[in-house]
1. Provide a single number: the residues in region 197-230 that are in a helix (DSSP H, G or I), surrounded by fewer than 24 Cβ atoms within 10 Å (Cβ to Cβ) and within 14 Å of the ligand (Cβ to nearest atom).
2. Checking the conditions here, which among 257, 266 is buried (at least 18 other Cβ atoms within 10 Å of the Cβ) and under 23 Å from residue 419 (Cα atoms)?
3. As an exercise: evaluate residue 354 against (1) surrounded by fewer than 24 Cβ atoms within 10 Å (Cβ to Cβ); (2) modelled with pLDDT of 95 or more; (3) in contact with a strand residue (DSSP E or B) (Cβ under 8 Å, 6 or more places away or on another chain) and give the number of the one condition it does not meet.
4. List, please: which pairs have Cβ atoms under 7 Å, are six or more places apart or on different chains, and start with a residue in region 268-288 that is in contact (Cβ under 8 Å) with a residue 40 or more places away in the chain and end with one that is among the acidic types (Asp, Glu)?
5. If we only count strands (runs of 3 or more DSSP E) wholly inside region 11-58, which ones have 1 or more residues that are surrounded by fewer than 22 Cβ atoms within 10 Å (Cβ to Cβ) and among the hydrophobic types (A, V, I, L, M, F, W, C)?
6. Find the residue count for region 231-241, including only residues that are more than 7 Å from the ligand (Cβ to nearest atom) and not small (Gly, Ala, Ser).
7. Going by the conditions given, is residue 416 within 16 Å of residue 269 (Cβ to Cβ), surrounded by 15 or more Cβ atoms within 10 Å (Cβ to Cβ) and polar (S, T, N, Q)?
8. Inspect region 306-316 for any residue being within 16 Å of the ligand (Cβ to nearest atom) and either assigned to a helix (DSSP H, G or I) or touching a strand residue (DSSP E or B) at 6+ places or on another chain (Cβ under 6 Å) (or both) and give the result as yes or no.
Amino acid sequence: MTDWHAIAGTVEFRSDAFIDGKPVPAADGRRLPTVDPATGAVLAEIAACGDEDVDRAVASARRAFEDHRWAGTAPGRRKSVLLRLAELIRANAAELAVLDSLDAGKLIGDTSTIDVPGSAAILQWYAETIDKTYGEIAPTARGDLALVSREPLGVVAAVVPWNYPLEMAIWKIAPALAAGNSVVLKPAEESPLSVLRLAELAVEAGLPDGVLNVVPGEGPIAGRALGRHPDVDAVTFTGSTPVGKLFLQYAGQSNMKQVWLECGGKSANVVFADAADLDAVADGVCFGIFTNAGQVCSANSRLLVERAVLPDLLALVAEKAGRIRLGDPLDPRTTMGPLVSAAQAARVLSYIELGHVEGRAILAGGPVEGRPAFVRPAIFEVGPDSRLSREEIFGPVLAVQAFDTEDEAVALANDSIYGLAASVWSDSLRRAHRVAGRLRAGTVSVNTVDALDVTVPFGGFGQSGFGRDLSAHALDKFTALKTTWVNYR
Ligand code: NAD
């Protein structure tokens with residue numbers, strides 16, 4: 001068995017920003033600690049980029065774009081660089097997995113089998129599109145030839161959260177680079193380590209200097225500077241809905257850059273009594289809300305159950321949730337680690353306290369003595385107006401409601417400002433299709449939860465945002481269509 005602690009003892013932490021192909025400190029020398037939430041230990045003091053650093057990174061990305069050192073390279077060559085980067089991610093998988101586990105408290109069993117190999121696979125998938133994406137010839141009259149080509153936008157800023165630090169970055173970087181853009185990436189304050197290492201690997205893979213820059217720092221400083229920068233052509237953002245709204249303002253206050261938002265969620269898991277295998281449903285329910293300690297944008301944080309099966313299902317879910325092993329994220333036997341920070345845990349614990357007032361506890365949840373970033377999972381039966389059933393908690397807290405009819409189930413599921421994902425459990429093909437069609441969500445999973453793959457688009461309706469990550473559709477965000485009309489009569 002891999003000794004993850006031994007690897008953790010040897011990994012080096014990159015602590016500078018990465019601009020123009022090399023590590024550099026912030027211009028004013030400022031640094032921010034990044035903390036291991038499992039222990040509270042400071043891992044490293046990371047460059048805290050300000051306006052001047054963001055200017056330097058954007059200028060570097062702009063130079064790289066204008067001299068065509070990346071977009072002007074033959075597609076086959078660009079493909080091979082990104083394929084090589086995917087291979088380097090695989091070759092350094094243990095290190096990258098440990099970095100995300102230390103930095104964000106994520107389970108090593110997840111980072112080593114999902115985040116890191118998933119990142120390599122997504123990069124590989126987009127690399128393969130580079131020499132397989134064609135333009136169009138429009139059906140014009142004889143004597144005219146109209147070519148429709150996809151052009152890279154220029155400088156793309158990617159601002160990402162901490163819940164999947166490497167993978168969220170790759171969701172943005174891979175299609176943006178595949179389309180020929182230069183990128184300036186801002187990781188979350190809590191989790192900069194893996195992407196700072198990724199930037200080095202990109203140079204090793206042959207990505208020209210300046211094509212991928214990383215500016216760690218605070219959201220309201222470095223993130224805002226990117227959002228308001230006059231020379232950034234597009235921002236692709238994953239994070240909370242309130243910050244997503246700020247990026248729309250930043251664009252309006254500056255150069256009207258394109259803004260693509262992947263924001264929060266309050267996804268419903270709708271269980272009908274005709275779903276015969278309740279044990280499988282209960283597994284899906286637990287996976288849907290307790291994976292990554294509930295810190296998943298598409299987490300099924302609302303469970304809507306047909307009244308007839310509510311007691312049986314809740315008994316099964318509570319029994320399975322009771323077996324969750326909280327502990328050291330580097331121990332593969334642990335099934336739930338800490339939240340990303342003590343501050344995030346305090347926020348989640350305040351919802352658990354509220355649950356005890358507003359609802360009926362199925363599983364009490366709560367704090368862990370002496371370990372401020374850990375939260376025990378909680379399940380509450382609540383009413384539709386409870387804050388627990390309306391607000392994104394981003395932790396291991398499940399809000400349960402009963403329903404009696406299909407119409408009521410659909411109405412409850414759609415009664416949210418969000419619309420990222422939903423699940424339907426039913427053994428009736430007709431009902432499953434009927435209900436899936438009526439749910440207002442970017443992804444509806446039938447008889448499973450959180451169906452996700454690089455081949456299918458991921459994104460939301462309503463205040464979950466409007467961008468689509470993954471699949472060939474993500475390339476649309478990072479390209480503009482251009483018409484070249486030739487009159488040859
Ligand atoms: P967040 O919005 O606080 O931060 C996201 C990023 O924005 C970070 O890099 C942060 O530094 C930056 N930021 C924060 N304040 C800013 C400001 N004033 N100006 C500019 N940038 C700023 O989100 P988080 O707490 O890191 O992540 C959790 C959120 O992310 C949840 O709401 C979750 O649903 C969402 N999320 C969505 C998806 C999706 O695909 N829809 C995926 C993962 C996470």
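The values are calculated or read from the model by the stated rules, or taken from the named source; none is laboratory data. These figures come from a predicted structure and were not determined experimentally. For neighbour counting, all protein chains shown are included, and Cβ atoms are generated from backbone atoms with ideal geometry for every residue, glycine included.
1. Final tally of qualifying residues: 4.
2. 266
3. Among (1) surrounded by fewer than 24 Cβ atoms within 10 Å (Cβ to Cβ); (2) modelled with pLDDT of 95 or more; (3) in contact with a strand residue (DSSP E or B) (Cβ under 8 Å, 6 or more places away or on another chain), the lone unmet condition for residue 354 is (3).
4. Matching pairs, first to second residue: 271/306; 272/306; 274/427; 275/427; 276/427; 288/450.
5. 22-24, 31-35, 42-47
6. Narrowing region 231-241 to residues more than 7 Å from the ligand (Cβ to nearest atom): 231-236.
Retained after the next criterion (residues that are not small (Gly, Ala, Ser)): 231-233, 235-236.
Residues flagged as more than 7 Å from the ligand (Cβ to nearest atom) and not small (Gly, Ala, Ser) within region 231-241 amount to 5.
7. Details: within 16 Å of residue 269 (Cβ to Cβ): yes; surrounded by 15 or more Cβ atoms within 10 Å (Cβ to Cβ): yes; polar (S, T, N, Q): yes.
Criteria met by residue 416.
8. Narrowing region 306-316 to residues within 16 Å of the ligand (Cβ to nearest atom): none.
Scanning region 306-316 turns up no residue that is within 16 Å of the ligand (Cβ to nearest atom) and either assigned to a helix (DSSP H, G or I) or touching a strand residue (DSSP E or B) at 6+ places or on another chain (Cβ under 6 Å) (or both).
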